[in-house]
1. Residue 130 passes all but one of (1) within 22 Å of the chain's Cα centre (by Cα); (2) modelled with pLDDT under 95; which number fails?
2. Run down 240, 307, 278, 267 and say which single residue is in contact with a strand residue (DSSP E or B) (Cβ under 6 Å, 6 or more places away or on another chain), closer than 26 Å to residue 203 by Cα and of a type in the set (Val, Ile, Thr).
3. Looking at the range 336-360, which of its residues are closer than 20 Å to residue 75 by Cα and open to solvent by less than 40 Å² (accessible area, probe 1.4 Å)?
4. What's the total number of residues in the range 75-93 that are open to solvent by 30 Å² or more (accessible area, probe 1.4 Å) and assigned to a strand (DSSP E or B)?
5. Being modelled with pLDDT under 95, touching an Asp or Glu at 6+ places or on another chain (Cβ under 7 Å), among the small types (Gly, Ala, Ser) and within 30 Å of residue 117 (Cβ to Cβ) is the requirement here; does residue 235 meet it?
6. Please indicate, with yes or no, whether at least one residue in the range 305-325 is surrounded by fewer than 20 Cβ atoms within 10 Å (Cβ to Cβ) and free of Cβ contacts under 8 Å to residues at least 40 places away in the same chain.
7. Mind checking which residues of the range 235-250 are more than 17 Å from the chain's Cα centre (by Cα) and open to solvent by less than 70 Å² (accessible area, probe 1.4 Å)?
8. Could you check, for the range 114-122, whether at least one of its residues is touching a Lys or Arg at 6+ places or on another chain (Cβ under 9 Å) and among the basic types (Lys, Arg)?
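The values are calculated or read from the model by the stated rules, or taken from the named source; none is laboratory data. Here the structure is a predicted model, which means the values were calculated and not measured. Ideal geometry is used to build each Cβ from the backbone, glycine not excepted, and the neighbour counts take in all protein chains shown. Keep in mind that these areas ignore ligands, DNA and RNA; they rest on the heavy atoms of the full protein, side chains included. Shrake-Rupley method; radii C 1.70, N 1.55, O 1.52, S 1.80 Å.
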Amino acid sequence: MKNFLKTFSVFFMVTLLVSCGNADDDVSLDLNTGDGLGEGTVVDECLGLEEGELVLSIQDQYTTLPGKVSVFFKVSDTSGNPVPGLTADQFTIYEQGRNDDCFNTISTSESSARISPNSQIFSNNTLLVLDLSNSVLSSSLEELKLASTSFIDAVMPATAQESVQMAIYWFDGEDELHLLNELTPSKDELKIAIDGITDDISNDPSTDLYGAVIKSTDIASDLINVSTQDDKIGAASVVIFTDGTDQASRYTEDAALDKVEDANANISFFSIGLGAEIDTEVLTAVGKTASVFATNKDELEATFRDISDKVSERANSFYLFEYCSPKRDGSGENNLAIEINTGSRQGAVQTKFSANGFTGGCE
């Protein structure tokens with residue numbers, strides 16, 4: 001049974017100011033932060049660790065008898081960019097018990113420290129939201145279908161995993177976010193749905209962009225609420241494509257942007273804009289995690305690929321780090337510090353755990 005621990009939290013909030021590319025740029029990729037960065041306490045001064053370039057944000061932690069400590073966290077840099085690909089040998093563990101003046105280093109090899117598969121406690125959902133208004137259907141549908149298929153191939157794992165799923169929605173001028181394919185771990189199912197889009201799918205040639213932003217955010221929020229049940233952690237990505245501005249005027253720009261700004265910190269927002277009629281300022285605000293703009297339909301696949309890289313990086317920046325603690329029953333509450341050092345960048349976070357019931361035999 002998981003023994004969930006409460007930790008004190010501090011928040012490191014960093015804002016990255018960006019500017020849109022000029023009209024001569026073929027592709028403009030603007031990275032933004034948009035979400036909370038760090039949860040966890042600052043490490044004790046006695047460790048002598050300098051303020052680093054990496055931020056560890058603890059999502060959850062628990063202990064498992066006979067002596068395993070598990071910490072689930074995401075890693076980003078101080079500008080909010082995700083840091084995927086870390087390995088167990090880049091971590092250093094420090095523990096401080098009630099009789100220790102400062103922290104003692106725990107050998108990662110002797111403690112069987114490892115990065116473990118996190119699918120059992122972590123689910124990641126992606127919503128691909130496509131503008132299928134008349135301008136797209138009449139001029140760039142085939143390019144959009146090709147780009148969307150490439151996006152699915154890049155984001156979804158080769159072997160289906162229930163913890164990684166995607167749904168596809170589309171919008172036009174109607175006051176509805178249309179479901180093209182429900183949430184699924186099957187990339188083949190998703191690609192078949194994309195292939196089935198025809199140029200007569202829409203009955204309203206207008207563009208309800210703000211409505212699509214609001215509705216997709218609500219769906220992502222519901223997915224987060226569902227996926228965090230049963231002791232799980234959830235993250236979601238909303239990826240919105242459009243070739244224009246909001247024409248339907250069903251909802252206001254402020255309502256849409258407020259919805260994004262106030263969304264759960266574990267929802268990432270990405271926007272893809274095509275052509276000269278888009279409002280890059282609005283789309284940058286909608287895609288507060290990352291936004292990308294293509295000047296013509298021939299660049300669509302490249303822009304979708306840029307965003308798919310960012311979606312994958314963010315999903316792969318969540319880690320389940322586990323090790324066997326030498327602390328034993330009766331040692332009370334212990335301080336734990338975890339440092340990451342990649343050779344060029346460093347970061348650390350501190351928390352607490354109880355060794356109640358700990359014995360030998362942990363592997």
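1. In the conditions (1) within 22 Å of the chain's Cα centre (by Cα); (2) modelled with pLDDT under 95, residue 130 misses (2) alone.
2. Only one candidate qualifies: 240.
3. Hits for the range 336-360 are 336, 337, 338, 339, 340, 346, 347, 348, 349, 350, 351.
4. Summing the residues that are open to solvent by 30 Å² or more (accessible area, probe 1.4 Å) and assigned to a strand (DSSP E or B) in the range 75-93 gives 1.
5. Considered against the rule, which asks whether it is modelled with pLDDT under 95, touching an Asp or Glu at 6+ places or on another chain (Cβ under 7 Å), among the small types (Gly, Ala, Ser) and within 30 Å of residue 117 (Cβ to Cβ), residue 235 comes out as no.
6. no
7. Within the range 235-250, 241, 242, 243, 244, 245, 246, 248 meet the criteria.
8. No, because not a single residue in the range 114-122 is touching a Lys or Arg at 6+ places or on another chain (Cβ under 9 Å) and among the basic types (Lys, Arg).
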